[in-house]
Amino acid sequence: MNATLRPLRALLLGLSLLPGLAWAGSGDAVLAKVDEALNRAKDTSSRMSAETVIPGQAPLKMEFTLETKGPKRMVEFQAPGDMKGTRVLVLDRRQMYVYLPAYNKVRRVASHVQSQGFMGTMFADADMSTTRFGEAWQADLKAETDAAWTLALTPKPGEETAYARLEIEVAKSNSLPSTIRYYDAKGTHLKTEVRSEYFCQGDVCQPGHFKMTDHTRKDAYTILIQKMDKLNAGLPDDRFSQRALQQGR
Amino acid sequence: MHALARLVTDRRGAAMLVALVLLCTLLAGWVGAGVRHEDDLLAFLPKDNPEIARFREINERFGGLEVAIVGVELDAPYQIDDLRRMHTLTEALDRMGGLDHVLSLTNVDDFSPDPMGGIRTAKLVDGLPADDDALDALRSTVSTREHVVGTVVSADGAALALYAFPSFGGDQRQIADQIAKEARLAFPEHRLHFTGAPFVSAWIFEVTQADMRRLTPWAVVAIIAVLLVAFRDLRSVVLGLFSAGAGIAVVQAAMVLTDTPVNVVLSAMPVILFAVGSAYGIHVLARYSVYASTLPLEQAVRRTVEHTGPVVITAGLTTALGLGSFIMMDQAPLRQFGLFTALGICVALTLAVSFVPAVITLLRLKPRPVGAGAVGATFARLGLALSRRRGLVLAALAPISILGVVNAGRVDDRLDQAAFYDADSAPAAADTFMRRAFGGATFVQIELAGDLRDPVVLRAAQQVGDQLSLVPGVHRVQHIGDVVASLSEAMEGQPRLPDTAAKAGQLFGLLTGNPAVRQLVDPELGRALLHVRLNTADIDATEATLAQIEELVAQQALARWRVADPSTDAEAAARRDAIVIDRLRAILRAHGGASAEALRALLDKPAPAPQPEAVAQRLARWLTGAEGPAPLAPQQAALVAQALLSLPGGHTEGDRADAIAEALAVTPDDPRVADLSWAVEVPMEEARRDSLTAAGAQALLDGLQLASAPAADSPAGERLNLLVGAALLERTLDAVAVPDTAGPGALSWAVSGTPLLHRGLSASTRENQVRSLVMALGTVIVVLAVRLRSLRAGLLALAPTALSLALVYGGMALLHVRLDIGTSMLASIVIGAGVDFAVHLLASWSADEAEPIERAAGRAFARTGSAIWTNALAVAVGFFVLTLGDARPLKNVGGLTAAAMLISAGCTLAVIPALARRRRYDPSADREDPADPPWLSAQATPLPSSPSSPEVSP
């Protein structure tokens, strides 16, 4: 059963934090700019498609819609086919509800954030959970060019993080991350995340393309494409309720 | 040979030849230094054997071959510090490159009911226990997780195991080394055991390599010592060894050029080449000394090349053909071993008849003194005696031969792990540990092909798993049904398989990309694998269990099936009952077990109705929890639960709304009423269902009076009740598969796993033995018949080796030495090397027509007896040194080849004089030879009356 709950929790945690993908330059001041830029949108509606390529295995594909409002998220799967109609409501990092249409039942799932992969992707829950880096990390400005800052992040004292160190390249143009490198305590470069194809509405920018490469797994990678449908459309609070979860839109 | 003789007796030609050989050897040595090593034991698995092909296919599909297991032996049930260390190791491996997935007690996912409602998911070890009380609580919880106990922690808690799954295509040995290093860092003071393919492969390869590095120099020293003692001529020995060394260099260069790695078997090639290949050059030098005692150097060299060359070539060719017969084997490393070692023999042979004479010419080597010494005379007497008393010899050999042949047929050709390592080796200790603490590390795998989204197929897998778990020798069975049932439990509270394809599909959707289930089901959900862990200790027990497993799987008559409703179809009802009985027996096995009859009798009794209060409590718990859309206060929840449960069957959402409003004393438009009335329907059904099954389960457990049932109110007792209840729920199935040859459903089963792999390897080894033996015998007999110009003479030359083989294999049977990959090479090596003795003996077999045959025997023995024993001893000591290592296959091959060479020499000297009836087998055999005792010369008459008689007339 070790395998049993992992997918469920990974699904819930991962999905709960997907807007974390909407992460946003000297050290902590730059990091504060990043956090501010990452959290400008009041609510979002987007369509996501993911493809995971692991050497030796068939590619994994996944499609879902994502709505966010503050810390709340509502996710509905379209693919793979078996998952179609499955919805997940995340109220906060530790309180989530899942609805599987075949069971016609809402299940509350209280969970802890883990560093495991989300639905077989190279994105760990922790990778997607950080909406504000400054909550758990402190930053040093490692380098600066005309176009970008490079921050070296280490955990704040007392903070438990999934990685020992992060290195973030932040574009000065939008104060948002373009590349994030993840390291362990021994300094091993574990993963690299590249965020690109940013699209903006007003001062709110979102990446349209994510690529996470896991260097510990023969450079297996996941590409996540985000297509924004609505931004700051004023999603009602009851869109993020159990009733909405069970009954759909 | 004449042209060659001319070339090597011409100083300029000889110089050019020597220079060319030295240059080529240097070049080959330089190129050969880049030879790479490979430890892929899977390369030994022949692709055409159906059982092995299936094993490979299944394991490539599910990736089960690569798991590396670290076992930690503790002195007492695990403590907080042990958990901390395991956590450290798990984290370290999780972040280590090259691994897909790591599983240990400290990262097992778990779920439990959340006091706030719904479920709480976390690690089973969710943070290290703060104190002993917390540790006790954790142990208690762990003990109720049937999927954890016996997998990552032993039942007594005194052993932990970690499973590491390497990524596709990784360097297994490097990964094994890294895992072992991290494990030793985390557990520096503990007894650690490493098992699983990466560790076993690495161990076998490293031990073999270490043995070869350590023992090869000693083997060479031993061979040199024998040769020096025998020939008392350092130059001869050096030249002979150079020929063999050049052969090794050329072989390694050829391996580099053909991109062939050194495998475990090929690592023994240097010893074989030094032992066998050096003899040719030495023999040439020895004959040169004989001829040079009466002839000028040039003539002596010429005569050596022309007379001895063909004999040496014949002898070497038979050895090369014996080894070359390995091309008939279906195991690639053995084919490579045969081909490359044969190449090395050919190089050594070629150098012996070209380079060695050239060196003699170039350096004008002086011959060593030769003559009829005491040893030669002794051999001559022996030859005479054996020839004279051939009837007695044959009479003595007959029963020995019969005994050998009869017993040779009884050689145990079954393979298991014991073929690869000794009982006192690290892998064997790891096996023992895993068997003691975790019920074994030998797995039978059963592949099921069918649509896994179909609950009927999932139930078929589970039922077979349940039946298999009851087979003696089976420790436990794991399959995808366990995972799906557990996920289903998380969703709807009952650890049972989903009853609809839609539910199954969505649960599988949650498992998408999960590395932990990769070993259980393929991504397309068309095939699943049942892992049957055996706790058998030896091959007999394993085979007995395997036979039962195969029989059980063969009885699954669901090749084609249709779905039927048990309420209307008697066969479906019977199959549904069987599913329930098998499920219950599998669950109850750990608690003393229950017979099918006892269960049937109890199941026939009416199920007890649940207490209404119990149902209400369950529903009230949901109403107060955060899982519901409008959590109520406990008192309100109790009232609402009572009101809802009093509603008649077939009520509507409106009826529920009215009941809720009334119980809460609010108007129907209260938001809580609307939310609860639609949300409570499923929880109501579940409360009734769960209460009913809990009552039924307890009644059944009470009726069974199990030998080792946990207390009903203990965590283990509650878990048992839940599992039994879930099994009882299977009686509500309304769709069951029944066999129907025209049915739309299809299922197929295939049994695989390491015991079947070993069985396939045994068959392959047996067939390889026969094929290579036939080829070796066939080609060698042709060479001998051509060389001796007579098929009968060829058969005569082969007879001693045939007897040797019968004796060696008979001895193997008596000493319980099994035929395995290593020992399967023995026959061809013995044929190749052993026939040399007969070739040399027959080439020296010479008597005039007027002389009795005994003289031919005496002369042949005098001329070659010493050389035969020297050769046999040199090969024997070279191989014997290999028995001093740790690598089991090398030890077997080393010991048996050493014994076989001595037996072969003995048989040659016994059989040839007894069977040879001609006065000459090689037309070029010398009539006179300085090695002949004077009393054997043509002029000496009469012959001594008795070989032991001192009255030998000069």
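The values are calculated or read from the model by the stated rules, or taken from the named source; none is laboratory data. Not measured: the values here are computed from a predicted model. All Cβ positions, even for glycine, are placed from backbone atoms using ideal geometry, and neighbour counts span all protein chains on display. Just the protein is used for accessible areas: all its heavy atoms, side chains included, with ligands, DNA and RNA removed. Shrake-Rupley method; radii C 1.70, N 1.55, O 1.52, S 1.80 Å.
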query = Residue check, B:Leu343 against (1) closer than 22 Å to B:Leu4 by Cα; (2) in contact with a Phe, Trp or Tyr (Cβ under 6 Å, 6 or more places away or on another chain); (3) surrounded by fewer than 24 Cβ atoms within 10 Å (Cβ to Cβ), all met but one. Which one?
reply = (2)
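Going by the conditions given, is B:Leu534 closer than 27 Å to B:Ala485 by Cα and open to solvent by less than 20 Å² (accessible area, probe 1.4 Å)?
Yes.
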query = Residue check, B:Asp675 against (1) modelled with pLDDT under 90; (2) in contact with a strand residue (DSSP E or B) (Cβ under 9 Å, 6 or more places away or on another chain); (3) not assigned by TED's automatic domain parsing to the domain that holds B:Glu492, all met but one. Which one?
reply = (2)
ask   = Which residue out of B:Ser764, B:Ser752 is in contact with a strand residue (DSSP E or B) (Cβ under 7 Å, 6 or more places away or on another chain) and open to solvent by less than 10 Å² (accessible area, probe 1.4 Å)?
value = B:Ser752
request  = Hey, could you check the stretch B:584-631 for residues that are open to solvent by less than 50 Å² (accessible area, probe 1.4 Å) and touching an Asp or Glu at 6+ places or on another chain (Cβ under 7 Å) and say which is farthest from the other protein chains (Cβ to nearest Cβ)?
outcome  = B:Ala586
ask   = Is there a residue in the stretch B:126-145 that is within 40 Å of the chain's Cα centre (by Cα), surrounded by fewer than 18 Cβ atoms within 10 Å (Cβ to Cβ) and at the interface with chain A (Cβ under 8 Å from one of its Cβ atoms)?
value = yes
task = Being assigned to a loop (DSSP other than H, G, I, E, B) and at pLDDT 90 or above is the filter here, so list the residues in the stretch B:464-501 that pass it.
result = B:Leu470, B:Val471, B:Pro472, B:Gly473, B:His479, B:Gln494, B:Pro495, B:Arg496, B:Leu497, B:Pro498, B:Asp499, B:Thr500
remark   = By my count, strands (runs of 3 or more DSSP E) wholly in the stretch A:148-249 with at least 2 residues that are open to solvent by 60 Å² or more (accessible area, probe 1.4 Å) are A:189-201, A:220-231
task = For B:Val375, indicate whether it is under 30 Å from B:Thr294 (Cβ atoms), part of a helix (DSSP H, G or I) and either open to solvent by 30 Å² or more (accessible area, probe 1.4 Å) or in contact with a Lys or Arg (Cβ under 7 Å, 6 or more places away or on another chain) (or both).
result = yes
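Every residue, every condition in (1) within 22 Å of B:Gly894 (Cα to Cα); (2) open to solvent by 10 Å² or more (accessible area, probe 1.4 Å); (3) assigned to a loop (DSSP other than H, G, I, E, B); (4) not assigned by TED's automatic domain parsing to the domain that holds B:Glu928, yes or no:
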residue	(1), (2), (3), (4)
B:His816	yes, yes, yes, no
B:Ile821	yes, yes, yes, no
B:Leu826	yes, no, no, no
B:Phe837	yes, no, no, no
B:Leu842	no, no, no, no
B:Asn871	yes, yes, no, no
message = Could you tell me how many of the residues in the stretch B:498-529 are among the polar types (S, T, N, Q) and more than 8 Å from chain A (Cβ to nearest Cβ)?
response = 1
Verdict on A:Thr44 being at the interface with chain B (Cβ under 10 Å from one of its Cβ atoms), open to solvent by less than 40 Å² (accessible area, probe 1.4 Å) and at pLDDT 80 or above = no
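Quick one: would you say B:Arg12 is farther than 19 Å from B:Gly247 by Cβ and out of contact with any helix residue (DSSP H, G or I) (no Cβ under 9 Å at 6 or more places or on another chain)?
Numbers: farther than 19 Å from B:Gly247 by Cβ: yes; out of contact with any helix residue (DSSP H, G or I) (no Cβ under 9 Å at 6 or more places or on another chain): yes.
It is true that B:Arg12 is farther than 19 Å from B:Gly247 by Cβ and out of contact with any helix residue (DSSP H, G or I) (no Cβ under 9 Å at 6 or more places or on another chain).
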inquiry  = Tell me whether the stretch B:321-332 contains one or more residues that are part of a helix (DSSP H, G or I), surrounded by fewer than 24 Cβ atoms within 10 Å (Cβ to Cβ), in contact with a Leu (Cβ under 7 Å, 6 or more places away or on another chain) and not aromatic (Phe, Trp, Tyr).
reply    = yes
message = So, B:Val456, is that one open to solvent by 10 Å² or more (accessible area, probe 1.4 Å), under 30 Å from A:Gly85 (Cα atoms) and modelled with pLDDT of 90 or more or not?
response = yes
task = Output the number of residues of the stretch B:481-497 satisfying the condition of being on the phi > 0 side of the Ramachandran plot and either facing chain A (nearest Cβ under 7 Å) or surrounded by 23 or more Cβ atoms within 10 Å (Cβ to Cβ) (or both).
result = 0
